[in-house]
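K.L.:
Here it is, the structure in full.
Derivation of every value follows stated rules applied to the coordinates shown; laboratory data play no part. Because the structure is predicted, anything quoted here is derived from the model rather than measured. In this analysis, Cβ positions are derived from the backbone assuming ideal geometry, glycine residues included, and neighbour counts consider all displayed protein chains.
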Amino acid sequence: MSDTHIYRVQPDWKREASIDNETYLSWYERSISDPDGFWGEHGKRLDWFKPYTKVKNASFEGDVSIKWFEDGELNVSYNCIDRHLEKRGNQVAIIWEGDDPSSHRKITYRELHEQVSRYANVLKAQGAKKGDRITIYMPMIVETAYAMLACTRIGAVHSVVFGGFSPDALAGRIVDCQSEIIITADEGLRGGRKVPLKVNTDKAIDIAARQSMSVRKVLVVRHTGGAVDWVPGRDLWLNDEAKAASPDCPAEPMNAEDPLFILYTSGSTGKPKGVLHTTGGYLVHVSLSHQHIFDYHDGDIYWCTADVGWVTGHSYILYGPLANGATTLMFEGVPNYPDNSRFWQVVDKHKVNIFYTAPTAIRALMGAGDEWVKKSKRTSLRILGSVGEPINPEAWEWYYNVVGEGRCPVIDTWWQTENGGILIAPMPGATDLKPGSATRPFFGVVPKLIDNDGNVIEGEGSGNLCIAQPWPGMMRTVHGDHARFIETYFSQYPGNYFTGDGCRRDADGYYWITGRVDDVLNVSGHRMGTAEIESALVAHEKVSEAAVVGYPHDVKGQGIYCYVTLNEGETGDDALRKELVAHVRKEIGPIAAPDKIQFAPALPKTRSAKIMRRILRKIAEDDFSSLGDTSTLADPSVVDDLIANRQNRH
Ligand code: PRX
């Protein structure tokens, strides 16, 4: 192998039925050369009400139509619950660990079945039907899992909105998918602080009403017991309704291509897009990948620390693990509450075997010091996963050596909301590891590197990461806007799905993701469009123009750097900086709060008035050596002023 830091597969990383290297290579080869045969076989891991006779009918050309298992019928909640009842009725399906370390719950598959059926009957009683969109704005509690699974049980399409989003952001998503029912909670709890979910929901409904969208029902889970406003007739306590509902609700047979969920995500332009996933191919992809990438075996305790408001929570807290009959842990809290040893305390408390988290958490805990880790035993740990952003080799090594004490493979998984499930990652018993590389493609995934001029890079080299062939778990469209789907993902490199990421392939065929090449930021693993933050800023009465770029940040991966031009007569001072940060928090949510704001009398523009972001990025990065050609700027002196007043001076 070419690179110096290689961790070979250790003999005890291979267990019975683990995929070894030969199996990986032969399965991978078949998945590419004979997708119908490969996926036709692996699709059988699910229970189908009506078996499929067709497997793949998908193309990246022309109108981009993606169908898998198109004549099969199944139900997601049936596959995640009912089919396990006979063998595992009394096995714990979900371990819930509360924000407060003294609170936890264990829900068996049988209990999950009963609660999900009750929730499904409540939804039906409120008029929800197959195909209806239902918005879920919830904290990390088991009731959120009940709500999502209940939607799938009756064929309703859920749109989960992360609890950290503001009323405005929530309203935009409610309006976009025309969701008449919202499921929420009185309040969430994170790190000892309350999150006013019902208050935010009430505000969002008012905002949506101004856009002629009327929300009929709000189903509220009583969680903290905090006081809430109530609209009689519209608002219902979901706990009470569920208790009164029947525990019997047959799962609705769904076509494999019926919509399963919508999840909004940011792109380089415009408003967040409603990424639409469908039923059959998605579930095959997430269950197969969960089993082999995490080398999941019966009886393992599996914990993914993501929030269910993101795709990682959908695919690898709920759907993948539950389809495999796993015990999955849901954590309400944060890594540093009550103190920095919380993750490892939870690992010991519940004997977690497989642990999956984000580099931003790893870096923050690494910064807090090894002593917090060493307070725990962590002897149950077998696999350590990473997701959401590039993991720097230092953080990888710390995760491997300090958290895992050199015993557990670090499984760096690269994928995106649009992908449904993991696309590039090692397998514990098969893949030698290189810190910082997501290593090799999952079954059915054909990565392709293409340079800016459209030339395909073969062998070693760097380029824009595309995927050359359709895979079962991929998104099918942008909800309500298929043209945007084609434009966003298939117009740059026709015939290929463009990921928006840059990537290097080394001499061993390993992939190294270098980060986004478009105007998308990744802040603490949260994906954000610079355009969204810019439009929030210019919505402020004192702002005339704004340009937002990312800059390297030790813990967050990227920080948010905003260049702001004020209206005539306004003065940029610290008070206004604070006001603008508060304004962005209100418009989008706390995750989008700017880290740096630089007031700029003017922004660097070409003569055709296009902002030269490349220059702004370099200044934000404190790198003036390679500003490139500034002669095409309408006023090159703007750049000197920006450098002189930059916010990153040390
Ligand atoms: O830039 C890549 C980064 O996160 C983006 C996708 O974000 P999102 O849709 O929110 O999904 C995150 C969780 C699946 C990608 O375009 N990203 C995600 N995982 C990795 C990563 N970058 C490098 N390495 C990863 N393992």
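K.L.:
Hey, with R₀ at 45 Å, roughly what FRET efficiency would Ser18 and Ser59 work out to, going by the Cβ-Cβ distance, to 0.05?
P.N.:
Working: r = 34 Å, r/R0 = 0.76.
Rounded to the nearest 0.05, the efficiency is 0.85.
K.L.:
Further question on the same structure: Using θ = phi - 60° and the Karplus relation 6.51 cos²θ - 1.76 cosθ + 1.60, list the HN-Hα couplings for region 158-173 in order, rounded to whole Hz, with x at every Gly or Pro.
P.N.:
Per-residue couplings from phi come out as 8, 10, 8, 10, 3, x, x, 7, 7, x, 4, 5, 5, 4, x, 6 Hz.
K.L.:
Please rank His540, His158, His5, His277, fewest neighbouring Cβ atoms within 10 Å first, as an exposure proxy.
P.N.:
Ranked by crowding around the Cβ, least crowded first: His5, His540, His158, His277.
K.L.:
Under Stokes-Einstein, with the Kirkwood radius over Cα pairs standing in for Rh, what whole-number D in µm²/s applies to region 306-359 at 37 °C and 0.692 mPa s?
P.N.:
274
K.L.:
Still on this model: Quick one: grab the alpha carbon gyration tensor of region 545-641, order the square roots of its eigenvalues as a ≥ b ≥ c, and give me rounded if a/c is under 1.5, else prolate or oblate depending on whether a/b is larger than b/c. Each step should come with its number before you reach the end.
P.N.:
On the way: a/c = 2.18, a/b = 1.33, b/c = 1.63.
Verdict is oblate for region 545-641.
K.L.:
Considering all projection directions equally, how large on average is the shadow of the alpha-carbon convex hull of region 182-266, in square nanometres? Walk me through the numbers on the way to the answer.
P.N.:
Values: hull surface 35.4 nm².
If you wrap the Cα atoms of region 182-266 in a convex hull and average its projections, you get 8.8 nm².
K.L.:
Given 25 °C and 0.890 mPa s, how large is the Stokes-Einstein diffusion coefficient of region 1-58 in µm²/s, with Rh as the Kirkwood radius over Cα pairs?
P.N.:
Approximately 171 µm²/s, per Stokes-Einstein.
K.L.:
Then there is this: From the Cα trace of region 385-431, what convex hull volume per residue do you get, rounded to a whole Å³?
P.N.:
Working: hull volume 3.4 nm³, N = 47.
Taking the convex hull of the Cα positions in region 385-431, it is 72 Å³ per residue.
K.L.:
Whole Å is fine, so just give me how far the alpha carbon centre of region 85-115 lies from that of region 138-162.
P.N.:
Between the Cα centres of region 85-115 and region 138-162 lies a distance of 16 Å.
K.L.:
Apply the Karplus curve 6.51 cos²θ - 1.76 cosθ + 1.60, θ = phi - 60°, to the phi angles in region 119-124 and return the couplings in whole Hz, x for Gly and Pro.
P.N.:
So the J values, rounded to whole Hz, are 4, 4, 5, 5, 4, 4.
K.L.:
Next question. Pull out the extension gain between Ala634 and Arg8, defined as 0.36 nm times the separation in residues minus the alpha carbon to alpha carbon distance; nm, one decimal. Could you put the intermediate results ahead of the total?
P.N.:
Numbers: separation 626, 0.36 × 626 = 225.36 nm, distance 5.45 nm.
Difference between extended and current length: 219.9 nm.
K.L.:
Roughly how far apart, in whole Å, are the Cα centres of region 305-337 and region 227-292?
P.N.:
15
K.L.:
Next question, about the same structure. If you count, for each residue, the other Cβ atoms within 10 Å and average over each peptide, how do 307-313, 127-133 line up from highest to lowest?
P.N.:
Values: 307-313: 23.6, 127-133: 16.0.
Ranking the peptides 307-313, 127-133 by packing returns 307-313, 127-133.
K.L.:
Provide, in order from the shortest bin, the percent of all Cα-Cα pairs of region 485-553 in each 10 Å bin, continuing until the bin that contains the maximum pair distance.
P.N.:
Histogramming region 485-553 at 10 Å steps yields 17, 35, 33, 12, 3, 0 percent.
K.L.:
For region 134-293, how big is Rg over Rh, using alpha carbon atoms and the Kirkwood form of Rh?
P.N.:
Rounded to two decimals, Rg over Rh is 0.97.
K.L.:
Now, a different point. Taking region 524-612, which trypsin sites (Lys or Arg not before Pro) meet the DSSP loop condition and have no more than 13 other C-beta atoms within 10 Å?
P.N.:
Working: sites: Arg527, Lys542, Lys556, Arg577, Lys578, Arg585, Lys586, Lys596, Lys605, Arg607, Lys610; in loops: Lys542, Lys556, Arg607, Lys610.
Sparse-neighbourhood loop trypsin sites (Lys or Arg not before Pro): Arg607, Lys610.
K.L.:
Just want to confirm a number: the relative contact order over the chain, from Cα pairs under 8 angstrom separated by 6+ residues, in percent. Please list the in-between numbers first.
P.N.:
On the way: 1431 pairs, mean separation 87.4, N = 650.
After rounding, I find 13 percent.
K.L.:
Let me ask something additional. What residues qualify as long-range amide H neighbours of Asp635, i.e. H under 5 Å apart, gap of 5 or more or another chain, H built at 1.01 Å from N?
P.N.:
Lys605
K.L.:
Whole-Hz ³J(HN,Hα) for each residue in region 269-276, computed from phi via Karplus 6.51 cos²θ - 1.76 cosθ + 1.60 with θ = phi - 60°, x for glycine and proline: what do you get?
P.N.:
Working through the residues one at a time gives 10, x, 6, x, 9, x, 6, 9 Hz.
K.L.:
How much length, in nm to one decimal, is gained on full extension between Leu25 and Arg234, taken as 0.36 nm per residue of separation minus their Cα-Cα distance?
P.N.:
Working: separation 209, 0.36 × 209 = 75.24 nm, distance 5.56 nm.
Here the answer is 69.7 nm.
K.L.:
Which percent of Cα-Cα pairs in region 231-278 sits in each 10 Å bin, short to long?
P.N.:
19, 22, 33, 22, 4
K.L.:
Restricted to Cα positions, what overall size does the chain have along the principal axes? Three whole-Å values, descending.
P.N.:
Rounded to whole Å, the extents work out to 73, 65, 57 Å.
K.L.:
Scan around Val157 for amide H atoms under 5 Å from its own, H built in the peptide plane at 1.01 Å from N, and keep only partners 5 or more places away or cross-chain.
P.N.:
Residues meeting the criterion, in which the H sits 1.01 Å from N, are Gly131, Asp132, Arg133, Ile134.
K.L.:
Post the alpha-carbon centroid distance, region 429-494 to region 339-415, in whole angstrom.
P.N.:
28
K.L.:
Taking the Cα centre of the chain as the origin and placing charges on Cβ (Lys, Arg +1; Asp, Glu -1), which of Met213, Gly404, Gly270 is farthest toward the positive end of the dipole?
P.N.:
Met213
K.L.:
Between Asp348 and Asn90, with labels modelled 7 Å along Cα→Cβ, what's the label distance in nm to one decimal, could you check?
P.N.:
Each label point lies 7 Å from its Cα, and together they span 3.0 nm.
K.L.:
Taking amide hydrogens as modeled 1.01 Å from N in the peptide plane, which residues meet the under 5 Å criterion relative to Arg190, leaving out close sequence neighbours?
P.N.:
Those lying under 5 Å, H to H, from Arg190 are Val195.
K.L.:
Mind sorting Asp34, Asp595 by how few other Cβ atoms lie within 10 Å of their own Cβ, fewest first?
P.N.:
Values: Asp34 13, Asp595 17.
Result, fewest neighbours first: Asp34, Asp595.
K.L.:
I need the shape label for region 1-120. Rule: rounded when a/c is under 1.5, else prolate if a/b > b/c, else oblate, with a, b, c from the alpha carbon gyration tensor. All intermediate terms of the calculation are to be shown ahead of the outcome.
P.N.:
Numbers: a/c = 2.11, a/b = 1.18, b/c = 1.79.
Oblate.
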